[in-house]
1. Among the residues of segment B:207-222, is any farther than 27 Å from residue B:419 by Cα, buried (at least 23 other Cβ atoms within 10 Å of the Cβ) and not β-branched (Val, Ile, Thr)?
2. Quickly run through segment A:1-15 and pick out the residues that are among the aliphatic types (A, V, I, L, M) and part of a helix (DSSP H, G or I).
3. Is segment B:212-221 home to any residue that is more than 14 Å from chain A (Cβ to nearest Cβ) and assigned to a loop (DSSP other than H, G, I, E, B)?
4. I need the full set of residues from segment B:188-211 which are over 22 Å from the mean Cα position of the chain (by Cα) and not in a loop (DSSP other than H, G, I, E, B), in order please.
5. (1) more than 14 Å from every other protein chain (Cβ to nearest Cβ); (2) assigned to a helix (DSSP H, G or I): which one isn't true of residue B:226, the others all being true?
6. Pick from segment B:255-270 the residues that are of a type in the set (S, T, N, Q) and part of a loop (DSSP other than H, G, I, E, B): which of them is surrounded by the fewest Cβ atoms within 10 Å (Cβ to Cβ)?
7. Scan segment B:277-303 for residues that are closer than 17 Å to residue B:240 by Cα, crowded, with 20+ Cβ neighbours inside 10 Å, among the small types (Gly, Ala, Ser) and within 14 Å of chain A (Cβ to nearest Cβ) and jot them down.
8. Select the strands (runs of 3 or more DSSP E) contained entirely in segment A:16-112, then report the ones holding at least 2 residues which are surrounded by 16 or more Cβ atoms within 10 Å (Cβ to Cβ) and of a type outside the set (A, V, I, L, M).
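The values are calculated or read from the model by the stated rules, or taken from the named source; none is laboratory data. Nothing here was measured: the structure is a model prediction, and the numbers come from that model. For neighbour counting, all protein chains shown are included, and Cβ atoms are generated from backbone atoms with ideal geometry for every residue, glycine included.
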Amino acid sequence: MKKIEAIIKPFKLDDLKEALHELGVHGMTVVEVKGFGRQKGHTEIYRGAEYVVDFIPKIKVETIVSSEMADKVVETIMNTVRTGKIGDGKIFVLPVEKVCRIRTGETDNEAL
Amino acid sequence: MRKKTFFSITLLAIAAATPAFAEETSVGDTLINLAYSIDTFYFLMSGALVMWMAAGFAMLEAGLVRGKNTVEILTKNIALYSIACIMYMFVGYNIMYGDGANGFIPGLSFFLGADNAVDDVLKSGGEIYYSGLSDFFFQVVFVATAMSIVSGAVAERMKLWSFLTFAVVMTGFIYPVEGYWKWGGGFLDSLDFLDFAGSGVVHLCGASAAIAGVLLLGARKGKYAGGRVNAIPGANLPLATLGTFILWLGWFGFNGGSELKISNIEEANAVSMVFVNTNTAAAGGLVAALILSQLWFGKADLTMALNGALAGLVAITAEPLTPSPLLATMVGVIGGLIVVPSIVFLDKAKIDDPVGAISVHGVVGIWGLIAVAFTNPEGSLIAQLTGIGVIFAWVFGASFVTWLIIKAVMGIRISEEEEQEGVDISECGLEAYPEFTTNK
């Protein structure tokens, strides 16, 4: 099993949710996050004083899938959220040791 | 049968008398009754509108401070309003409108006197045209406005109780004295210094007290760190905008009520003119500040636009009756054009005013008073400048001494650690929007 974390532009969330749903991904967890990569921040002015917005709002999507599905999911995320412009985000794939469904006690792929 | 209730707050009791008069009421007396009722009603409703400005200030300031200082600024605003009401009833109103010795030294007495007796009103033939207590009510909300101006300027770093202690002195003593000099018939009034609804008596007064406090208090931590002017964006611009709308609404009472009378054609027209001019000056100030911030900063800064609307309102307050609506708009526009560079300049001078109160009420208040010399045929530039000098000197001086004493006795500034944590927790023990709390 793999955990896939995708940092994406917030307005792409709906598209991504639908694309993953079609692919057969049954669940996901979403967090509003702020951060920067190579894009860095941008400068704004508030009441005449400049300030740098370092941390730009993004959405982090987390989903756990079977190892076989992982590549397909990563590909779908990339195709769905890519705009080609700076700040499109990143995807991380991590190994997952164990999954439990609390209600039934099912484990691993059964619990996904 | 006529029925009238007499008030005597001096005795802290209300004694109701219902004398039944046998004689027929003449048409003339009926008209005096009606006019008295209408003018008193108008006065009370105007006062209620001005009372609502306290809510406007509270929302504006809550919007322009950081989230961690929200509860404290709200506490200050509603507490200062209450203190102003009590102090002005206790002594302030009597200082302002009592029997002063010579135009300089006001009289001193305590609590409110009895309201007008029916016979006195009728005998006056309409000279006495509104209830005395309605006058007190209208005046007391003005004091609160002056004090509200201070709270925004010293926001995010002043001790709550030091601020409220200052409010006691300001609303019971400092404001009423200069109020006596102008509206109480003192020497500024004799000099023909003109201030219709208080660009000077209220707004410049509040700003002068604020700047004295800010100079002793210093800037918020990090505001000028690194030798730069660092932006500290406000937490809630919808609240700041709502606050500005509320102030704009309240201002119709502030300026409109200051005409003091509405019960004949001439006065009704005058009040209408005041409403129209007050509204259009605010609009002019907003548009001017919005365009200026777009041209200067490259973005339309909402907070500057809000300050622009308030600048237009403050500017027209000194004379909302004599200018034409077009001229009133120009007075507001110039107010809006002054307030933006004034805010930037004060920051350059390292005078930290989170909400722009000193610029809006002080700098633009001065502009409004000067404008009277050009918009009112009876205005005199010399008299206006004298009034500005006297009000600033008195309020700044008296406030500075008061702040100094408070600083020596109880301190005025919170600790660095408390400032980092936010005054909501350190002063009030509450958060505006608690998220992770459990009931266990």
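1. Just the residues of segment B:207-222 that are farther than 27 Å from residue B:419 by Cα, to begin with: none.
No.
2. The first filter runs over segment A:1-15 and keeps only residues among the aliphatic types (A, V, I, L, M), leaving A:1, A:4, A:6-8, A:13.
Within segment A:1-15, A:13 is the sole residue that qualifies.
3. Restricting attention to segment B:212-221, the residues satisfying the condition of being more than 14 Å from chain A (Cβ to nearest Cβ) are B:212-218, B:221.
If we keep only those that are assigned to a loop (DSSP other than H, G, I, E, B) as well, we get B:218, B:221.
Yes - at least one qualifying residue is present in segment B:212-221.
4. Correct list: B:190 only.
5. Failed condition: (1).
6. B:264
7. The one that is closer than 17 Å to residue B:240 by Cα, crowded, with 20+ Cβ neighbours inside 10 Å, among the small types (Gly, Ala, Ser) and within 14 Å of chain A (Cβ to nearest Cβ): B:289.
8. On the way: elements: A:29-35, A:42-46, A:49-53, A:56-65, A:90-95.
Fully inside segment A:16-112 and qualifying: A:42-46, A:56-65.
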